[in-house]
Each structure stands twice: as structure tokens, then as C-alpha cells.
Ligand code: AMP
Ligand code: MG
């Protein structure tokens, strides 16, 4: 039986919340990507998330809350040294609700399955009315990784979830397209200085306005230095090759190939070059990194179900959300 997809009326969300509260799995929209939600306090629900995604158990989940009042149930800010506590609070005050996940000391009652046995927990207060209402109506803490099979492209529409997870999820709440389009930025505040573990929907430039000394983990290092940071991730089924910015003109695809370029100018240059692509898709005509991030997974899903057997992409300028776009393109690409 195909999975049921519902809308976002009060009655719909109450039904979805009941399924969550009774240990079921509900996919729902957030401003970043669709999440595969399960009650964070229910170990069976957490186990089902890992099983549905075929996600390795060493990859911890993000716990989503709907209000700051719920933070204390999940995380123990008191266990941080004063400077770290201040940094955490400044970041929350400025960027929550929003696409920022904080790594914080965990409360003992948070199941180890949610944190892969780590003494820390990843927490986010999303800025999406449907996500917030659903979390509030259920148990107040919902673990929700992206609603895709492990390693595959993240979903930015309800249809992506239905196509990828099918009946491995009990219900899908269709709240339209996710406005940010890439996952949250993950910042660890438990160390000597705040550190970005994963670039995402909140740019480094904006983080620096609050935490000027913030550090950044090198994600191109093939040996993961943080949990759940494998070099291959967010990948389409078709092989994706990644070229430097403006480097696609030198590409010589062997078969029927599609190119994903940054802006109208890069498309023009590619069309005038000797490279032969059956299809060229543009992340943002105007060269806006925010729009490029919002379109990224949508376009990759489209191309991956289209009739080109090879996908090529170019890096985009690193500024703003460009860093998150490049990170996802790198992780999606073939490394040899
Ligand atoms: P997602 O797959 O979008 O739900 O993101 C979850 C990611 O957050 C994981 O793959 C980790 O990279 C990161 N994460 C979650 N919990 C922790 C933690 N306790 N410490 C460090 N990183 C974490
Ligand atoms: Mg994910």
C-alpha cells in the first residue's frame, strides 16, 4: 500500500502527533529539508528511524524541540563552562528558531540510541510552523534526521520522501517545498571554542557576527573527525562528477550527460565551450547562493530521475550558503 500523505490542517497535525506519541514514524517539513520524525523519548521509535533509513547506529540524530522551555529536558547547559554556556545562549538567542543545530551536554534520560552513545546531544529549534506545531502537539522532543535512505539525496518535497522511503514511514505531512533546502549548520559548543561540524542553512558569515572566534572542521578530510561525517553522503544514484568553479568547459562526458551550473553566466560560458552536455540546469540564474541552496536537492532529484546517465556539477562561490552547497556537492560526488 502506498504511504498516506496528509495536509497541514489542525486535524491532520493532531493525527500525525498521535502517531508520533504512540511510537510511529512521521515525515514532516522543516525549513531545511523533510525530517523523518520519531519520539525522542521512545527507544523503539528511535530504532525504527535507523532501520527505515538504513542508517548506521554510529550516526547520531538531531533532537527537534518546539520551544526553548523544552531545551532543559534534553540538554544540560549547566554542565558547560561559563564561556561555552554564554556562547551557546548567544547563538540560540540570535539564530533560534532556525537552521542551526547545537551540540550540547546531554541529559541522562535522552536515550543513547539518539546520541549513538555520546555524552552530547544535537538539538535544534526549527523555524517552520508545521514542524513546530507537530512537535508541540506530540511529546515536545522529536528526533528527526533527513527523511531519505542513508547516504542518498535529502528530500525537499513530500514526493521525494514518498519515492524514497515509501511505506517505511507511517505518514507524510505535506507542507510544500522546504524554503532553505539544505540541512542545518551543526555547531559544537562543548569544546574550548564553538566549532562548525557541518556547514548548512546558516552561513559562517552570520555565525561570526555572534561568535567571531568560531572554528570550522575540515570536511574534505576523508577520515571523519566528528560523528556521522563520512566523505560520501547526500549522493544521487547516478555518478556525479565535481569540477572547480567555471571548470565544466573542460569536461568531456562520455555518455549522455547533464550539467548543474551556478548561474546564468556559467551556463553561457558552458554553452559557448566545446563541452557537450545534453542538459544544463542552473542553481540560481541571478547567482544568489540562498536560491542555489534552496534549489540544490530539488534539481539533483530531478536530474537523478531523468534520462542522463552522467551528472556533472561545478563548485559555486564559497560566500554565504555557497559553502553548504559546495559541501553537499563534494559529498555527493565520486572521489576517484
Ligand atoms: P542529520 O543527518 O541531518 O539528522 O544530521 C545529523 C548529524 O548531526 C550527524 O550526522 C552528526 O554529524 C551530527 N551530530 C548529531 N549528534 C551529534 C553529536 N552528539 N556530536 C556531534 N555531531 C552530532
Ligand atoms: Mg541526513
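Odds and ends about this structure:
- Alpha carbon Rg of segment 184-297, scaled by the compact-globule rule 2.2 N^0.38 Å: 1.30
- Sum of -39500 (n - 2.57) over DSSP H runs of 4+, divided by residues of the chain (222 nm, nearest 500): -9000 deg cm²/dmol
- Overall Cα dimensions of segment 296-335 - principal axes, largest extent first, Å: 32, 22, 13
- Inverse mean reciprocal Cα-Cα distance (Kirkwood Rh) of segment 106-227, Å: 16.7 Å
- Working note: Debye formula, equal point scatterers on the alpha-carbon atoms of segment 1-78, no solvent; log10 I(q)/I(0) at q = 0.14 Å⁻¹ is -0.54.
- Rh (Kirkwood; distinct C-alpha pairs) - segment 25-155, Å: 14.6 Å
- Its alpha carbons give segment 158-245 an Rg and a Dmax of 16.6, 45 Å.
- Computed label-point distance, nm, for sites residue 163 and residue 221 using a 7 Å Cα→Cβ extension: 3.6 nm
- What the Cα convex hull of segment 102-153 gives, in volume per residue, is 112 Å³.
- Among 119, 60, 236: highest mean-square fluctuation, GNM of the chain, C-alpha pairs under 10 Å: 119
- In terms of overall dimensions, the C-alpha atoms belonging to the chain reach 60, 52, 33 Å along their principal axes, ordered largest to smallest.
- Reciprocal of mean inverse Cα separation for segment 224-285 (Kirkwood radius, Å): 13.1 Å
- Reducing segment 190-212 and segment 254-280 to their Cα centroids gives an inter-centroid distance of 34 Å.
A short reminder: the numbers here are calculations on the coordinates, not readings from a lab. What you see is a predicted model; the values in this text were computed from it and never measured. Note that we place each Cβ from the backbone using ideal geometry, even for glycine, and neighbour counts take in every protein chain shown.
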